[in-house]
Amino acid sequence: MRNLKITLEYDGAGYYGWQVQTRAHNTIQATLEKTLRSILKEKIDLIGSGRTDSGVHALSQVANFKTSSSIPVRRLGLALNALLPHDIVVTSVKQVAHDFHAIRSARSKVYRYFILNRSYSSALLAGRAYFYKLPLDIKLMRKAAAALVGRHDFKAFSASATKAKTTVRTIKKINIKRIPYNPLGLSVKRRERPLIVIDIESEGFLYNMVRNIVGTLIDIGRKRIPAHDIKRILHSKDRGLAGPTAPAQGLFLIKINY
């Protein structure tokens with residue numbers, strides 16, 4: 001019995017998130033398991049590193065599964081990419097130690113959120129960035145984000161329907177920057193940096209935690225919420241005091257650290 005680790009990227013727009021659901025909804029996990037079963041001719045129980053929500057994308061999702069098949073990993077990767085839909089791509093298949101577990105072996109995860117912050121939208125970024133045309137003060141957003149780094153109770157930034165045993169999490173880093181919008185490598189104006197990129201690294205995340213943090217930071221950047229109020233919101237544990245949930249299309253799972 002081998003333990004295989006799969007790394008993949010996907011466009012989550014056409015899926016109801018990662019996890020298999022009891023209802024007949026199309027998910028990344030269900031699609032991948034079905035394709036693996038057709039290749040390996042055996043039941044596959046795929047363990048994903050994280051349950052990305054409906055519409056959320058991934059640049060480096062990780063999953064593992066046990067198999068009795070002796071198919072070489074390179075051939076398996078080629079077969080998967082030949083049969084999977086175009087919006088799911090396997091970038092690596094490796095045999096790993098028997099005790100490797102995509103969730104339990106992970107030390108941290110990094111999510112990235114894209115905000116297109118200018119007066120007009122983008123045809124190329126549609127579905128992959130949140131278009132927000134009103135001005136945002138990135139300095140205020142950074143000041144507020146700094147207060148979230150560390151070990152805290154993030155109940156105020158969790159979905160109200162969360163089933164987590166505890167809402168305490170440790171955020172290791174939050175980086176916020178502006179970058180040029182340069183998808184085709186064309187020259188851009190030196191001062192034109194309409195893309196706001198928010199990277200959040202944590203040992204683990206609550207349901208909708210990243211999107212709720214981003215929505216709150218947007219309200220702070222828009223000066224609807226004072227930057228210093230972030231501590232009050234955090235300590236209140238009241239979801240109603242935080243900002244709205246940012247749309248799913250701007251969110252990417254970009255890295256799992258093992």
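Summary of values
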item: Those residues of the range 12-30 which are more than 24 Å from residue 258 (Cβ to Cβ) and either in contact with a strand residue (DSSP E or B) (Cβ under 6 Å, 6 or more places away or on another chain) or not aliphatic (A, V, I, L, M) (or both), in sequence order; result: 14, 15, 16, 21, 22, 23, 25, 26
item: The listed residue being touching an Asp or Glu at 6+ places or on another chain (Cβ under 8 Å) and either outside any strand (DSSP E or B) or not β-branched (Val, Ile, Thr) (or both), out of 104, 118, 112, 75; result: 112
item: Selection from the range 206-258 of residues that are assigned to a helix (DSSP H, G or I) and small (Gly, Ala, Ser); result: 215, 221, 236, 240, 248, 250
item: Set 74, 104: member being free of Cβ contacts under 8 Å to residues at least 60 places away in the same chain and out of contact with any strand residue (DSSP E or B) (no Cβ under 8 Å at 6 or more places or on another chain); result: 104
item: Some residue of the range 25-35 being β-branched (Val, Ile, Thr) and more than 25 Å from residue 212 (Cβ to Cβ); result: yes
item: Among (1) acidic (Asp, Glu); (2) modelled with pLDDT of 95 or more; (3) within 23 Å of residue 113 (Cβ to Cβ) - the single one residue 99 does not satisfy; result: (3)
item: Considering residues of the range 106-163 that are among the polar types (S, T, N, Q) and in contact with a Phe, Trp or Tyr (Cβ under 6 Å, 6 or more places away or on another chain) only, the residue modelled with the highest pLDDT; result: 117
item: Per-region count, the range 21-59, residues buried (at least 17 other Cβ atoms within 10 Å of the Cβ) and at pLDDT below 90; result: 3
item: For residue 39: the one exception among (1) outside any strand (DSSP E or B); (2) under 24 Å from the mean Cα position of the chain (by Cα); result: (2)
item: Residue check for residue 219: of a type outside the set (Ser, Thr, Tyr), more than 28 Å from residue 17 (Cβ to Cβ) and in the same structural domain as residue 121 (by TED's automatic domain parsing); result: no
item: Matching residues in the range 205-256 - criterion: being surrounded by fewer than 20 Cβ atoms within 10 Å (Cβ to Cβ), closer than 30 Å to residue 63 by Cβ and out of contact with any Ser or Thr (no Cβ under 8 Å at 6 or more places or on another chain); result: 245, 247
item: The range 107-124, residues that are under 17 Å from residue 218 (Cβ atoms) and either touching a residue at least 40 places away in the same chain (Cβ under 8 Å) or within 17 Å of the chain's Cα centre (by Cα) (or both); result: 111, 112, 113, 114, 115, 116, 117, 118
item: Test: residue in the range 101-109 that is closer than 26 Å to residue 48 by Cβ and among the polar types (S, T, N, Q); result: yes
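Rundown of residues vs (1) within 26 Å of residue 11 (Cβ to Cβ); (2) among the small types (Gly, Ala, Ser); (3) in contact (Cβ under 8 Å) with a residue 12 or more places away in the chain, yes/no style:
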residue: 155; (1), (2), (3): no, no, yes
residue: 172; (1), (2), (3): no, no, yes
residue: 192; (1), (2), (3): no, no, yes
residue: 195; (1), (2), (3): yes, no, yes
residue: 215; (1), (2), (3): yes, yes, yes
residue: 221; (1), (2), (3): no, yes, yes
residue: 236; (1), (2), (3): no, yes, yes
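Here's the yes/no breakdown for (1) over 27 Å from residue 249 (Cα atoms); (2) small (Gly, Ala, Ser):
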site: 42; (1), (2): yes, no
site: 54; (1), (2): no, yes
site: 60; (1), (2): no, yes
site: 68; (1), (2): yes, yes
site: 80; (1), (2): no, no
site: 97; (1), (2): yes, yes
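The values are calculated or read from the model by the stated rules, or taken from the named source; none is laboratory data. What you are looking at is a predicted structure, and each value in this text was computed from that prediction instead of being measured. Every residue, glycine among them, receives a Cβ derived from its backbone with ideal geometry; neighbour counts consider all protein chains shown.
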